[in-house]
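**Student:** There's a structure below that I have some questions on.
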Amino acid sequence: MRILALEREKSGASPDDFALYFVDEAKKVYQLYLEQVIREHYFRADAHSAVLVLECADLTEAGRKLSQLPLVSAGLIEFDLIPLVPYSGYSRLLAG
């Protein structure tokens, strides 16, 4: 299942709090990318937050995988998870 993960920073953290984890965060993101859990990763153009496209069995697995990220386990960020399904409108719109 494809899942869209939208990062949200938790309040009260300073830029220095984040800096402590950046290298380990990048390593873990790369590991999840190699494992094909993270299929795509971006930063939003309008806000400095991550947007990830995950491939997981379900939302529970996605949450478990994301909890391995150092910034998540340190309580600095969390993710809103949105399950995605393939677009099915063409068969309705173009039938016959």
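**Student:** Of the numbered conditions (1) crowded, with 19+ Cβ neighbours inside 10 Å; (2) under 10 Å from the mean Cα position of the chain (by Cα), Glu25 satisfies every one except a single condition; which is it?
**Tutor:** All conditions are met except number (2).
**Student:** Look through segment 1-12, keep the residues that are more than 14 Å from Ser73 (Cα to Cα) and surrounded by 14 or more Cβ atoms within 10 Å (Cβ to Cβ), and return whichever of them is farthest from the chain's Cα centre (by Cα). So that I can check it myself, show each step before the final result.
**Tutor:** Taking segment 1-12 first, the residues more than 14 Å from Ser73 (Cα to Cα) are 1-6, 11-12.
Remaining after also requiring surrounded by 14 or more Cβ atoms within 10 Å (Cβ to Cβ): 2-6.
Working: Arg2: 11, Ile3: 8, Leu4: 6, Ala5: 4, Leu6: 6 Å.
Once the filter is applied, the top-ranked residue is Arg2.
**Student:** Of the residues that sit in segment 58-96 and are in a loop (DSSP other than H, G, I, E, B) and under 12 Å from the mean Cα position of the chain (by Cα), which one is farthest from Glu7 (Cα to Cα)? Quick ask: steps written out before the conclusion?
**Tutor:** Going residue by residue through segment 58-96, those that are in a loop (DSSP other than H, G, I, E, B) are 58, 67-69, 74-76, 85-88, 94-96.
When the remaining residues are screened for being under 12 Å from the mean Cα position of the chain (by Cα), the result is 67-69.
Numbers: Ser67: 12, Gln68: 14, Leu69: 12 Å.
Here the answer is Gln68.
**Student:** Can you run down the residue pairs with Cβ atoms below 7 Å, 6 or more apart or on separate chains, where the first is in segment 21-46 and within 15 Å of Leu69 (Cα to Cα) and the partner is surrounded by fewer than 14 Cβ atoms within 10 Å (Cβ to Cβ)?
**Tutor:** From segment 21-46, the pairs are Lys28/Gln68.
**Student:** Then there's this: Quick check on segment 23-42. Is at least one of its residues touching a His at 6+ places or on another chain (Cβ under 8 Å) and aromatic (Phe, Trp, Tyr)?
**Tutor:** Looking only at segment 23-42, we keep the residues that are touching a His at 6+ places or on another chain (Cβ under 8 Å), and these are 29, 33.
Checking the rest, the ones that are also aromatic (Phe, Trp, Tyr) come to 33.
Yes, because at least one residue in segment 23-42 is touching a His at 6+ places or on another chain (Cβ under 8 Å) and aromatic (Phe, Trp, Tyr).
**Student:** In segment 29-57, which residue that is of a type in the set (A, V, I, L, M) and part of a loop (DSSP other than H, G, I, E, B) is surrounded by the most Cβ atoms within 10 Å (Cβ to Cβ)?
**Tutor:** Only one residue fits best here, namely Val37.
Where a number appears in this text, it was derived from the coordinates with a stated rule and is not lab data. Everything numeric here is computed off the predicted structure, so don't read it as measured data. Methodologically, a virtual Cβ is constructed for each residue, glycine included, from the backbone with ideal geometry; neighbour enumeration extends over all protein chains shown.
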